[in-house]
1. Could you list, in sequence order, all residues of region 72-114 that are over 18 Å from residue 26 (Cβ atoms), at pLDDT 95 or above and either of a type in the set (Ser, Thr, Tyr) or open to solvent by 50 Å² or more (accessible area, probe 1.4 Å) (or both)?
2. Output the residues belonging to region 141-159 that are in contact with a helix residue (DSSP H, G or I) (Cβ under 6 Å, 6 or more places away or on another chain) and assigned to a helix (DSSP H, G or I).
3. Counting just the residues of region 143-188 that are farther than 30 Å from residue 118 by Cβ and among the small types (Gly, Ala, Ser), which one comes out farthest from the chain's Cα centre (by Cα)?
4. Could you list, in sequence order, the residues of region 102-111 that are under 15 Å from residue 58 (Cβ atoms) and of a type in the set (A, V, I, L, M)?
5. Here are some residues: 22, 61, 54, 31. Which one is touching a His at 6+ places or on another chain (Cβ under 9 Å), in a helix (DSSP H, G or I), at pLDDT 90 or above and of a type in the set (A, V, I, L, M)?
6. Would you confirm, using the coordinates I've provided, whether residue 157 is over 17 Å from residue 56 (Cα atoms), open to solvent by less than 80 Å² (accessible area, probe 1.4 Å) and at pLDDT 95 or above?
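The values are calculated or read from the model by the stated rules, or taken from the named source; none is laboratory data. Owing to the predicted nature of the structure, the values given are computational and were not obtained by experimental measurement. Glycine also receives a Cβ, built like all others from the backbone with ideal geometry; neighbour counts cover every protein chain displayed. Accessible surface areas use protein heavy atoms only, side chains included; no ligands, DNA or RNA. Shrake-Rupley method; radii C 1.70, N 1.55, O 1.52, S 1.80 Å.
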Amino acid sequence: MATPLDPARPDLSGQMRYSRGAMAFHWLIAALIILNIVGAVATEDMEGPVRGLAMGMHKAAGMTVLVLSVLRLGWRLGHRPPPLPAAIGRMTALAAHGVHALFYLLMFALPISGWLMISAASPRRPFNWFGLFDLPYLPVEGDKALQVVAHDAHELLFYLILALLVLHVAGALRHHFAHGRTFLFRMMPGQRRTGI
């Protein structure tokens, strides 16, 4: 009989897999974060209007991550995640929960630090959502000290989320191959499951 860790049965039961909503939030936010990391690195060598366009996209994507993170947290509070496989051990499970909590913190802190940075600038640069509508500034215009602090925090948080992303992917792959090669299917869409 197949078990949840049986490699012959990657289509885990609904009790072992994340909900479709959790999967949608996870992969959409992950894609935006990765694109913003790549974009932030790429803009270092850009100048003029091209850099302005790229930074506009970066800001819009960051604010989208912030909104989606608020929605994801609301979803998480109403939808209990599946339990971790018992085989990974208590200490590893605690570490996994710690990584998830830190991800939530960074998904809020990183865009908010960027929001503060651009709001505190004087003069302010364009701030819109992919050219479709203007986004609000925070009421801190001209606060140079805050702008510097927010810039430094944004840069530090960038490196923290990059390191955490590498750690998260490495950990997921390790557990996938160490525990029946079904671990990744907990968050993979398109597999058979029950419930929403």
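1. Listed by number, the residues that qualify are 112, 113.
2. First, pick out the residues of region 141-159 that are in contact with a helix residue (DSSP H, G or I) (Cβ under 6 Å, 6 or more places away or on another chain): 143, 146-147, 150-151, 153-154, 157.
146, 147, 150, 151, 153, 154, 157, listed by residue number.
3. To start, the set of residues in region 143-188 that are farther than 30 Å from residue 118 by Cβ comprises 170-188.
With the extra rule that they be among the small types (Gly, Ala, Ser), the set shrinks to 170-172, 178, 180.
Numbers: 170: 16, 171: 16, 172: 15, 178: 25, 180: 27 Å.
This residue is 180.
4. Residues of region 102-111 that are under 15 Å from residue 58 (Cβ atoms), as a first pass: 110-111.
If the condition is that a residue be under 15 Å from residue 58 (Cβ atoms) and of a type in the set (A, V, I, L, M), then 110 is the only one that fits.
5. Values: 61 fails: touching a His at 6+ places or on another chain (Cβ under 9 Å); 54 fails: touching a His at 6+ places or on another chain (Cβ under 9 Å); 31 fails: touching a His at 6+ places or on another chain (Cβ under 9 Å).
Just a single option satisfies the conditions, and that option is 22.
6. Working: over 17 Å from residue 56 (Cα atoms): yes; open to solvent by less than 80 Å² (accessible area, probe 1.4 Å): yes; at pLDDT 95 or above: yes.
The answer is yes for residue 157.
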